[in-house]
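Heads up: the structure comes next, in structure tokens.
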Amino acid sequence: QVQLVESGGGWVQAGGSLRLSCTASGLIFSITTMGWYRQAPGKQRELVARITSGGSTNYVNSVKGRFTISRDNAKKTVYLQMNSLKPEDTAVYYCAYYPFASWGQGTQVTVSS
């Protein structure tokens, strides 16, 4: 059974930074595309960033230039470095693996203005 455990969320002022981590088990991590989703109150869950097994990355337009997704296959961990955070980044952030049909428990990110 696949398990995803996220950590690193918290409260930060606008302009600050946070780094999220997600450690996976139960899957062949090195060949799996991983992603980060987020869901703000009253909004649909959206894919924020994803990274392929080969390291190719994609981002939603609203975070391009501010967020960086990376992975460490030896640690079976995917990261989301979030810089220049804005209040609109406030959401629960979820880790997911392709085909993105299930997610971890999520970690809350709150950005105050």
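The values are calculated or read from the model by the stated rules, or taken from the named source; none is laboratory data. Because the structure is predicted, anything quoted here is derived from the model rather than measured. All Cβ positions, even for glycine, are placed from backbone atoms using ideal geometry, and neighbour counts span all protein chains on display.
Tell me, please, whether a residue that is in contact with a helix residue (DSSP H, G or I) (Cβ under 8 Å, 6 or more places away or on another chain), polar (S, T, N, Q) and at negative phi can be found in the stretch 5-16. No; the residues of the stretch 5-16 include none that is in contact with a helix residue (DSSP H, G or I) (Cβ under 8 Å, 6 or more places away or on another chain), polar (S, T, N, Q) and at negative phi. Sub-8 Å Cβ pairs linking a first residue in the stretch 37-65 that is free of Cβ contacts under 8 Å to residues at least 40 places away in the same chain to a second residue that is of a type in the set (D, E, K, R) and crowded, with 16+ Cβ neighbours inside 10 Å, at least 6 apart or interchain, are Glu46/Arg38; Ile51/Arg71; Gly55/Arg71; Thr57/Arg50; Asn58/Arg50; Val63/Asp89, ordered by first then second residue.
Of the residues making up the stretch 76-105, those that are modelled with pLDDT of 95 or more and closer than 14 Å to Gly9 by Cβ are Tyr79, Leu80, Gln81, Met82, Leu85, Asp89, Thr90, Ala91, Val92, Tyr93, Tyr94, Cys95. Please determine whether any residue of the stretch 15-23 is touching a residue at least 12 places away in the same chain (Cβ under 8 Å), more than 16 Å from Val109 (Cβ to Cβ) and not basic (Lys, Arg). Yes, some residue in the stretch 15-23 is touching a residue at least 12 places away in the same chain (Cβ under 8 Å), more than 16 Å from Val109 (Cβ to Cβ) and not basic (Lys, Arg).
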